[in-house]
Every structure is written in structure tokens, then in C-alpha cells.
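Okay, so here's the structure we're looking at.
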Amino acid sequence: MMAVNLGKLKLKNPVMVASGTFGYAEEFSGFMDLRKLGAVITKTITLKPRPGNPMPRTCETPAGMLNSIGLENPGIEDFLKKKSDYLKKLKVPIIVSIASEDSPDEFITLAKRLDKEYFVSAIELNISCPNIKKAGSKRKSEKLIAQDPKATYDLVKKVRKATKKTLITKLSPNVTDITKIAMAAENAGSDTLSLINTLGAMSIDILNKKPKLAAITGGLSGPAIRPVALRMVWEAYRKVKIPLIGLGGIIDTESAIEFFLAGASAVAVGTGNFINPKTSLEIIEGIKKYLSANKIRDIRKITGALNI
Ligand SMILES: Cc1cc2nc3c(=O)[nH]c(=O)nc-3n(C[C@H](O)[C@H](O)[C@H](O)COP(=O)(O)O)c2cc1C
């Protein structure tokens with residue numbers, strides 16, 4: 001059995017595609033049967049449209065990549081007008097990722113707006129994007145909400161009041177102790193947690209002595225961050241009761257299974273979609289084979305089943 005529950009959200013299988021790496025799903029429709037996915041997490045939406053950061057905003061690194069996209073998105077109203085018709089027809093749970101630009105109150109406005117939309121199965125709070133500047137500031141914001149347990153608690157608590165939809169809080173690895181943030185989000189009413197977002201990182205072209213990203217720093221993703229992500233899932237698993245969505249460097253069945261064993265109830269594929277758009281579907285089939293080869297009836301049996 002491959003079905004899992006994330007709070008009230010029921011998924012036919014536990015493999016999703018991660019925010020920002022799968023557009024608004026339609027972009028990938030030519031490559032695969034999207035209805036086979038456990039769920040789609042959309043690119044993060046903000047209240048107003050955002051052009052994103054200057055180019056270049058991606059580069060390759062050993063076993064991974066850097067990005068500083070800067071939450072390029074059409075804004076909530078255009079998203080609902082232009083992207084939602086396709087998502088409504090998909091017959092796959094749609095998780096809409098949201099973020100604020102200036103004030104955390106934007107999360108509340110966005111959550112209230114999405115609460116009215118029947119096609120939205122869950123809302124993911126992206127409180128962990130490292131690539132967003134405060135309006136008018138030349139510097140990146142000093143601190144992410146996901147770097148502060150109190151700010152995380154206050155935000156999740158407010159959003160919890162604004163919507164009945166399943167709430168997922170996406171955590172940042174750029175912290176000393178992930179468990180404090182995980183517990184703050186759980187105590188404030190988050191139904192589930194996604195971990196992890198990208199790790200703050202940079203890369204330099206030594207010939208022209210310039211940073212490879214125009215924004216200088218960005219977020220590292222891909223297999224390079226998998227061991228960090230796994231460690232954080234494992235740490236959070238032992239401290240919170242709500243289900244966890246594990247992500248960070250999942251590119252094949254083995255890497256997905258590692259996350260279940262560490263404590264994840266579901267997984268998401270991010271950078272893996274750029275290597276092979278069908279990665280998530282191949283992992284779904286691979287997990288079925290793993291369960292049957294090991295005579296495990298139910299995927300839920302391997303969550304946290306690490307042998308120590
Ligand atoms: C190009 C790119 C864009 C991303 N955009 C978003 C985003 O809009 N919102 C978000 O929550 N995470 C975003 N992420 C982070 C991913 O969802 C994921 O948390 C991270 O990349 C780790 O997973 P991975 O190693 O499988 O890519 C982005 C990642 C990449 C590579």
C-alpha cells in the first residue's frame with residue numbers, strides 16, 4: 001500500500017514534486033502522466049508579481065546546483081486566473097506554496113484567498129527562501145522567519161486562524177537547531193513540515209574573479225545536500241509528532257527510501273526534475289518494488305524504521 005496521510009490530506013502515493021522545480025505542473029505535461037504523482041507543490045506565489053533576481057541565477061556545483069531565482073512569479077491573482085484552470089483538471093492534490101515579500105501579514109492575505117479555492121488541497125508556507133530581498137534593500141533580508149522559533153510560531157499561528165486547509169511549513173537548513181523551529185511550527189498548528197529548503201551557498205569564477213550568481217549568494221540543492229537533509233529529518237522526527245515531508249537531493253529510489261527510514265512520511269523531488277523530468281514517477285515504481293522485494297505491505301511501516 002502506497003497511500004499516506006499528511007494531516008487531513010490524503011495522498012495515493014507519497015512522492016511529490018518540490019516547489020520551484022516543477023513550475024505550475026503544465027510545463028511538465030508533455031514529459032509524463034502527471035496524474036500518477038502523489039501531489040504537486042507549485043512554485044511559490046506572492047501577493048504581487050515578482051520579476052525575480054538578475055541573471056545569471058543558476059549554476060552547477062559538484063553534485064548539485066546553486067539558484068537565486070528570487071521567487072519569480074505572476075502574483076496570486078494572475079496565478080488563479082491563468083494557471084489554476086489546468087491545475088483544477090489535474091486530479092492530483094495541489095499544494096500551493098506561498099511567501100511574503102515585505103510583511104508576514106501577506107501570508108495571511110494569501111492564505112485567506114486560497115482558502116476559498118476548492119482545487120487547493122494544502123498550503124505550504126515558504127518561510128525559508130534564501131533568495132528574497134526586503135523591498136528597497138540592496139541586501140538580502142537579514143533573517144528568515146524559519147531562522148527564528150518565535151517568528152515561526154507567531155506566523156504559523158496567525159495563518160492557522162486564516163485557513164482550514166492543510167498547512168505545511170517549509171523549514172530552512174540554515175539554522176543551528178532545526179528541532180526548535182520544527183517544534184515551534186507544530187505547536188502553532190502546522191499539520192505537517194517540509195524539510196529542507198536550500199542551503200545558503202556561493203560559487204566563484206576564478207578567471208574573472210566574479211561570483212557565478214548575479215545575486216552573489218544563492219541556495220544549494222541536489223545530492224550534495226542530501227546528507228544534511230537526512231540528518232535534519234531524523235532530528236525533527238524524534239521531536240515532533242506531525243508527519244514530515246523529506247526533500248533535499250532525492251534523485252532515485254534509494255535516496256527516497258533513505259528519507260522514509262529517517263522519519264519522513266512523504267518525499268518531494270526538486271533538482272532531480274531537472275536531471276530527468278520523470279524522476280518522481282520512477283521513484284514511485286521503485287518504492288513499490290522495494291516494498292514488495294522486502295515483503296513490506298505498507299509504506300507507512302518504513303517511516304522512521306531506521307535500525308540503530
Ligand atoms: C531552481 C530552484 C527553484 C526553487 N524555488 C523554490 C520556491 O519557489 N519555493 C520553495 O519553497 N522552494 C524552492 N526551491 C527549493 C526546493 O523546493 C527544495 O526545497 C530544494 O531545492 C531541496 O531539494 P532538492 O535538492 O531535491 O532540489 C527551489 C529550488 C531550485 C533548485
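The values are calculated or read from the model by the stated rules, or taken from the named source; none is laboratory data. All values derive from a computational prediction rather than experimental measurement. Note: ideal-geometry Cβ built from the backbone for every residue, glycine included; neighbour counts use all protein chains shown.
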Kindly indicate whether any position in segment 80-90 is away from the ligand (no atom under 13 Å from the Cβ), in a loop (DSSP other than H, G, I, E, B) and either modelled with pLDDT under 95 or under 28 Å from LYS212 (Cα atoms) (or both).
-> no
With respect to ALA305, determine if the residue is modelled with pLDDT of 95 or more and out of contact with any helix residue (DSSP H, G or I) (no Cβ under 6 Å at 6 or more places or on another chain).
-> no
Output the residue which, of all residues in segment 197-232 that are in a loop (DSSP other than H, G, I, E, B) and in contact with a strand residue (DSSP E or B) (Cβ under 7 Å, 6 or more places away or on another chain), is nearest to GLY7 (Cα to Cα).
-> ASN197
Give me the pairs, please: first residue somewhere in segment 210-232 and within 18 Å of LEU171 (Cβ to Cβ) and free of Cβ contacts under 8 Å to residues at least 60 places away in the same chain, second residue anywhere and assigned to a strand (DSSP E or B) and within 14 Å of the ligand (Cβ to nearest atom), beta-carbon distance under 8 Å, and either six or more positions apart or on two chains.
-> VAL228/LEU199; ALA229/LEU195; ALA229/GLY246; LEU230/GLY246
Might you let me know whether segment 234-247 holds any residue that is over 27 Å from LYS289 (Cβ atoms) and crowded, with 22+ Cβ neighbours inside 10 Å?
-> yes
Go through (1) within 27 Å of PRO93 (Cα to Cα); (2) part of a loop (DSSP other than H, G, I, E, B) and name the single condition MET55 misses.
-> (1)
Consider THR271 against the criteria (1) touching a strand residue (DSSP E or B) at 6+ places or on another chain (Cβ under 7 Å); (2) modelled with pLDDT under 95: it satisfies all of them except one. Which criterion is unmet?
-> (2)
